[in-house]
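Some notes on the structure that comes next.
The values are calculated or read from the model by the stated rules, or taken from the named source; none is laboratory data. From a predicted model like this one, the values you see are computed outputs, not experimental measurements. Every residue, glycine among them, receives a Cβ derived from its backbone with ideal geometry; neighbour counts consider all protein chains shown. Ligands, DNA and RNA are excluded from the accessible area calculation, which covers all protein heavy atoms including side chains. Shrake-Rupley method; radii C 1.70, N 1.55, O 1.52, S 1.80 Å.
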Amino acid sequence: MVGKDRAVRSEFMASGGIAVKKVCVIGAGTMGGGIAAHLANLGFEVSLLDRDRESAAKGFDRANNAKPPHFLTGNVATSVTVSGLRDGYAYLRDADWVCEAIFENLEAKQALYTEIVGILKPGAILTTNTSGLEIGILGAGLPADLKRTFVGTHFFNPPRYLKLLELIPTADTDPIALAQISDFLEDKVGRRVVPAKDTPGFIANRFGMWSMFHAIHCTERLSLSVEQVDAITGPFLGRPRSASFRLNDLVGLDVMADIAKNLLARCSNDPQIKFLGLPSSLAFLLEKGWIGEKVRQGYYRREGEQFLTFDLTTRAYRERQEANLPTLNELAKLPLGQRIAKALDQRDEVGEYLRLHLVPTLQYAYSIREEISHNVDDFDRVMRWGFGWEMGPFEMIDAIGHEKLGIPGRAFYDSGTVLGFDGAFYSPKPEPQFRPISSYPVIGEGEDYRIRDLGDGISALCLTTKMGVVSPSTVSSLTSVLDAGLDRFVLTSEARSYSAGFDLNFFLSAIYDEEWEAIDGALRALQQLGEKLETRTAVAAVFGHCLGGGMELALSCARIVANLETQIGLPESRVGLIPGGRGATLMRLYNQGSAKRLAEVAITLTQGTVARNAEQARQIGYLRATDITSYHPDRLIHDAKEAILQTSPEPRPRWAPAVGPLVGMIDRAQAELRSQNKLSDHDCVVGDKLKLVMAKTQFYEESLERERSEFLDLCTRALSVARIKHMLETGKPLHN
C-alpha cells in the first residue's frame, strides 16, 4: 500500500497541475445541486448522486427550477447525469474529482467515505463541501493517498453567483497538492479561493453566522422592528440590500440553526459563542416551520410580488412599514467609515443599534482572528466575497478608528501592506490576473472616457459615463481618440456596467424639438465610429449590461470578451425603435448562414430579447463564434488582454443574399407570436422595419441607410415616443 501511495503521489505531482474533466457530486441538496449546476456551466462532465435515484432527481429538479437560475441554459441542465449512489458507482469510478456535499453529519460523511474509497480511481481527488465540520476529523479514516489531497472546498450558496470558496487543508494535506488544487479552483472552477484554518465553521460561518445571530439578539433586546434593522444593516452599513433579516430568510433559518448547533458544540471555550443560542423570534419561526425563502415565509412572507413582515412583538405578519430613521439619510453620502463613526455618536435607534451590535461584532472579529484565519486580509476577503460586505471587519476597523471601537493596536492596512499576526507588515502575493481596471495607470482622459495603460503596448479605452451610457458627446470623444492614433486597446467601462445603451434623453429631446437631422447625424456618427473600430486591433471587455449602442460598439470590435453573467442584447424594440448604429446590420451579417437563423434573429430583435448571460447570448446570435466568455468573475481585463495579444483586425463579412423564403418565415413567426399576445400591433410595426433590414436589403451601405431611415420614421410615431418616455420615467418597458 505504501508503494502504491508513493506512485500515485508522484504521478499527481509530476503532472504539473490538475486535469479534471469528470466530476461526481454526491448529495443533491441545496448545495450539491448548486455545485453540480455551476460545474456543468463551466463545461465539466457532471454526475449528481444521492441516496437513491428519486432523491437525486428531486434535488436536480430543485436546482433546475431555482430562482435565480442555477443553470446558464436548458442545454447545460440536460448535460447533468442523475443517479442513486449505488447505481452510480460507474460515475464514481470514472470521476477525476468527487465533491461530497451531503448533509452536515460527521458520522454520515465518514460512512460515505468508507463506502466509496475503494471505488475511486488512482489519483482521483476527494473533497468535502462541509460548512463547518473539521476536515481533519472527517478524513481521519481515509487511506494515506487520499489524505494527501483531501481538503474542504466550502462553496457559497448559490455557487453560480457567489465567487468565494474557502479552502481548508488538514495536517496531512500535501502542500504542493494544496497549491495545485487552489490554482485549479481559481483557474478552472472560477472561484476566488481563501485558505482557512481547520477550525469549526472556518472563517465564514464562525464569524459570519455569529454576526447574523448577534444582529437578531440585539434587535430583540432593543425592541426594534425588522424593517428598522434591515434599513440600518443594508447599504448604509456597506452591505447588500438583503441586510440582516432578508439574508436570514435567503440562507434558511433551519440552516442557520444547524450551523449554530454545530458551533455551540465545538467551540465551548469561546466566551462569546453564547450568542449562537436561538433568539426567541427564530425559535418561534422554526417551530412553525416558517424557515425562510424556500417556504416563502420567515422574517418576511412573500405574497405574490409583495412582502409582509413578521412582527417581533405580536408574532404575526403585517404590512411592511418604512423605517423612519433620519440619521440614515443625513449621513448616507459620507464615505463608509465616516458615516459609521458619526452614526455611532447618534442618540437614536441607529446609534443605539450600532453600539450594541456593530462594535461587539468588530471586537469579536479581532478576538478570534488568529484562531480561524492566516491573516486579516483573508478574513476580510471572506466577508467581502461571501457576504457582500463593502469592507471586511478589519478594513472597517481602520476606517472607523481603533480607539472609537475599543480595539487596541495600529492600522491593519498601510500603503498596500498588511499587518501580520507577528506584528510586522507584509506585502500580499501579487495577483495580476485579478487586477481591476481602476488599478492601471491613466495616460489620457476626456469628459466621457479615460485611457489606461495595460502594459505590453496595450491600452484600455474606458467609458466613464454613468452606467456606460453612450451619447453623441461620447461618440465624438471616442472618434477623436481613434483619429489620434489609438490602435491596440481594450474597449471597456469604469461604471458598474459596460453600457446600458444610447442616451434615450437625447432622442426624446430631439423628437420633441423635431430635430430629425440631429437624430440622423447621431446615428451616422455612431455607425462611422463602429467602422473605425473595425480597422483597429480592439477587443471589447463587457460586463454587467451590454445593451443597445454599447453593444453596437462592442460588435464592431474584432472580439468581444464577455463576463459570464453579462446581460447582452439589442432591446431597442422595447422603446419602439430598431438598432440604428449598425446593430441590425451587424446582426444580419453575422447570422446570414441560413434563412432559419436570420428569421430567428429578426424575431429576437422584434421582441427586444436580452440574453441573461453570455452563453445564452451566444445561442441566440448576439455573440459570434470567435467571441470569448470570461468565466471567472474577476478575470475579465486579464482575459481581454490575453485575447488582444492573439487578435488582429478582421474584415467585415461580405453581404450575402438571403437564402430561402426569409420574408415568409419572419411573417409566420410574427403572426404566431401575435396570436399568443406575445407581440403587440406596435411590436409588429417595429418588426416590419427590422424585416426590411434582414430580408429586403441588397447590400451593406443600403442597410446602414435603411437602419437610420426606419429609426427616424419610428421616432415620429406616438406609440414609440410613449415607450421612450415610459422607459425613462420608470425604467420598465411599456407594452402598448
Quiz item: Can you name the number of the only condition in (1) under 24 Å from Leu712 (Cβ atoms); (2) touching a Phe, Trp or Tyr at 6+ places or on another chain (Cβ under 7 Å); (3) of a type in the set (A, V, I, L, M) that Ala611 fails?
Solution: (1)
Quiz item: Which numbered condition trips up Ile18, out of (1) open to solvent by 50 Å² or more (accessible area, probe 1.4 Å); (2) at pLDDT below 95; (3) touching a strand residue (DSSP E or B) at 6+ places or on another chain (Cβ under 8 Å)?
Solution: (1)
Exercise. Just give me the residues in segment 282-314 being assigned to a helix (DSSP H, G or I), more than 21 Å from Asn262 (Cβ to Cβ) and in contact (Cβ under 8 Å) with a residue 12 or more places away in the chain, in sequence order.
Key: Phe284, Glu293
Quiz item: Looking at (1) modelled with pLDDT of 95 or more; (2) open to solvent by less than 70 Å² (accessible area, probe 1.4 Å); (3) outside any loop (DSSP other than H, G, I, E, B); (4) closer than 20 Å to Ala124 by Cα, can you tell me which one Ala7 breaks?
Solution: (1)
Self-check item: Subset of segment 485-517 (residues that are part of a helix (DSSP H, G or I), surrounded by fewer than 18 Cβ atoms within 10 Å (Cβ to Cβ) and touching a residue at least 24 places away in the same chain (Cβ under 8 Å))
Solution: Asn505, Leu508, Trp516
Exercise. Select from segment 443-478 the residues that are assigned to a loop (DSSP other than H, G, I, E, B) and either out of contact with any strand residue (DSSP E or B) (no Cβ under 6 Å at 6 or more places or on another chain) or buried (at least 18 other Cβ atoms within 10 Å of the Cβ) (or both) and list them in ascending order.
Key: Gly446, Glu447, Asp448, Asp456, Gly457, Thr465, Val469, Ser471
Quiz item: In the set Gly123, Gly59, which member is of a type in the set (Gly, Ala, Ser), in contact with a helix residue (DSSP H, G or I) (Cβ under 9 Å, 6 or more places away or on another chain), closer than 25 Å to Gly152 by Cβ and not in a loop (DSSP other than H, G, I, E, B)?
Solution: Gly59
Quiz prompt | Lone qualifier among Arg588, Arg597, Arg612, Arg582 - being among the basic types (Lys, Arg) and free of Cβ contacts under 8 Å to residues at least 40 places away in the same chain | solution = Arg597
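Being touching a Phe, Trp or Tyr at 6+ places or on another chain (Cβ under 7 Å) and either buried (at least 24 other Cβ atoms within 10 Å of the Cβ) or among the aliphatic types (A, V, I, L, M) (or both) is the filter here; which residues of segment 231-260 pass it?
Matches in segment 231-260: Ile232, Phe245, Asn248, Asp249, Ala260.
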Self-check item: strands (runs of 3 or more DSSP E) enclosed by segment 535-602 - at least 1 residues per element that are over 23 Å from the mean Cα position of the chain (by Cα) and under 28 Å from Ala518 (Cα atoms)
Solution: none
Quiz item: Before we move on, is Asp145 charged (D, E, K, R), surrounded by fewer than 24 Cβ atoms within 10 Å (Cβ to Cβ) and either in contact with a helix residue (DSSP H, G or I) (Cβ under 8 Å, 6 or more places away or on another chain) or assigned to a loop (DSSP other than H, G, I, E, B) (or both)?
Solution: yes
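Test Gly190 against the stated conditions and say whether it is in contact with a Phe, Trp or Tyr (Cβ under 6 Å, 6 or more places away or on another chain), at pLDDT below 95 and assigned to a loop (DSSP other than H, G, I, E, B). Talk me through it step by step, then tell me what you get.
Details: in contact with a Phe, Trp or Tyr (Cβ under 6 Å, 6 or more places away or on another chain): yes; at pLDDT below 95: no; assigned to a loop (DSSP other than H, G, I, E, B): yes.
Judged against the criteria, Gly190 is not a match.
Would you confirm, using the coordinates I've provided, whether Leu547 is surrounded by fewer than 24 Cβ atoms within 10 Å (Cβ to Cβ) and in contact (Cβ under 8 Å) with a residue 40 or more places away in the chain? Write out each step before concluding.
Working: surrounded by fewer than 24 Cβ atoms within 10 Å (Cβ to Cβ): no; in contact (Cβ under 8 Å) with a residue 40 or more places away in the chain: yes.
So Leu547 does not fit the description; no.
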Exercise. Look at segment 264-309 and say how many of its residues are crowded, with 19+ Cβ neighbours inside 10 Å, of a type in the set (D, E, K, R) and under 22 Å from Ser225 (Cβ atoms).
Key: 0
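Find the residue count for segment 310-339, including only residues that are surrounded by fewer than 12 Cβ atoms within 10 Å (Cβ to Cβ) and not polar (S, T, N, Q). Can you show your working first?
Keep residues of segment 310-339 that are surrounded by fewer than 12 Cβ atoms within 10 Å (Cβ to Cβ), which gives 313-314, 316, 319, 322, 324, 326, 329, 332-333, 335.
Filter again for not polar (S, T, N, Q), leaving 316, 319, 322, 326, 332-333, 335.
Qualifying residue count, segment 310-339: 7.
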Self-check item: Criterion violated by Leu714 - all others in (1) over 38 Å from the mean Cα position of the chain (by Cα); (2) open to solvent by less than 20 Å² (accessible area, probe 1.4 Å); (3) not β-branched (Val, Ile, Thr) satisfied
Solution: (1)
Quiz item: Which one is nearest to Glu600 (Cα to Cα), of the residues in segment 668-705 that are out of contact with any Asp or Glu (no Cβ under 9 Å at 6 or more places or on another chain), of a type in the set (D, E, K, R) and open to solvent by less than 50 Å² (accessible area, probe 1.4 Å)?
Solution: Asp683
Quiz item: Could you count how many residues in segment 596-647 are open to solvent by less than 50 Å² (accessible area, probe 1.4 Å), out of contact with any Pro (no Cβ under 9 Å at 6 or more places or on another chain), at pLDDT 95 or above and hydroxyl-bearing (Ser, Thr, Tyr)?
Solution: 5
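On the basis of being open to solvent by 20 Å² or more (accessible area, probe 1.4 Å) and free of Cβ contacts under 8 Å to residues at least 12 places away in the same chain, does Pro175 make the cut?
On the way: open to solvent by 20 Å² or more (accessible area, probe 1.4 Å): yes; free of Cβ contacts under 8 Å to residues at least 12 places away in the same chain: yes.
Taking the combined requirement at face value, the residue satisfies it.
From the residues in segment 284-299 that are under 30 Å from the mean Cα position of the chain (by Cα) and aromatic (Phe, Trp, Tyr), which one is farthest from Tyr317 (Cα to Cα)? Break it down stepwise before answering.
Restricting attention to segment 284-299, the residues satisfying the condition of being under 30 Å from the mean Cα position of the chain (by Cα) are 290-299.
If we keep only those that are aromatic (Phe, Trp, Tyr) too, we end up with 290, 299.
Details: Trp290: 12, Tyr299: 9 Å.
Taking the candidates together, the pick is Trp290.
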Self-check item: Test set (1) free of Cβ contacts under 8 Å to residues at least 40 places away in the same chain; (2) assigned to a loop (DSSP other than H, G, I, E, B); (3) surrounded by fewer than 17 Cβ atoms within 10 Å (Cβ to Cβ) - Gln346 fails condition number
Solution: (3)
Exercise. Scan segment 388-403 and give yes if some residue there is modelled with pLDDT of 95 or more, touching a strand residue (DSSP E or B) at 6+ places or on another chain (Cβ under 9 Å), more than 30 Å from Phe156 (Cβ to Cβ) and assigned to a loop (DSSP other than H, G, I, E, B), otherwise no.
Key: no
Exercise. Please go through segment 67-87 and pick out each residue that is within 22 Å of Thr566 (Cα to Cα) and open to solvent by less than 60 Å² (accessible area, probe 1.4 Å).
Key: Pro69, His70, Phe71, Leu72, Thr73, Gly74, Val76, Ala77
Exercise. Determine which single condition Ile181 fails, assuming it passes every other condition in (1) assigned to a helix (DSSP H, G or I); (2) open to solvent by less than 20 Å² (accessible area, probe 1.4 Å); (3) in contact with a Phe, Trp or Tyr (Cβ under 8 Å, 6 or more places away or on another chain).
Key: (3)
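Working only within segment 380-400, note down all residues that are more than 20 Å from Val251 (Cβ to Cβ), open to solvent by less than 10 Å² (accessible area, probe 1.4 Å) and of a type outside the set (Val, Ile, Thr). It would help to see each step written out before you state the result.
If we filter segment 380-400 for residues that are more than 20 Å from Val251 (Cβ to Cβ), which is where we start, we get 380, 391, 394-400.
If we keep only those that are open to solvent by less than 10 Å² (accessible area, probe 1.4 Å) as well, we get 380, 394, 396-397.
Answer for segment 380-400, where residues must be more than 20 Å from Val251 (Cβ to Cβ), open to solvent by less than 10 Å² (accessible area, probe 1.4 Å) and of a type outside the set (Val, Ile, Thr): Asp380, Phe394, Met396.
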Quiz item: Between a first residue in segment 373-387 that is under 15 Å from Ile168 (Cα atoms) and a second residue that is hydroxyl-bearing (Ser, Thr, Tyr) and open to solvent by 30 Å² or more (accessible area, probe 1.4 Å), which pairs have beta carbons less than 9 Å apart while being 6 or more apart in sequence or on different chains?
Solution: Asn375/Tyr426
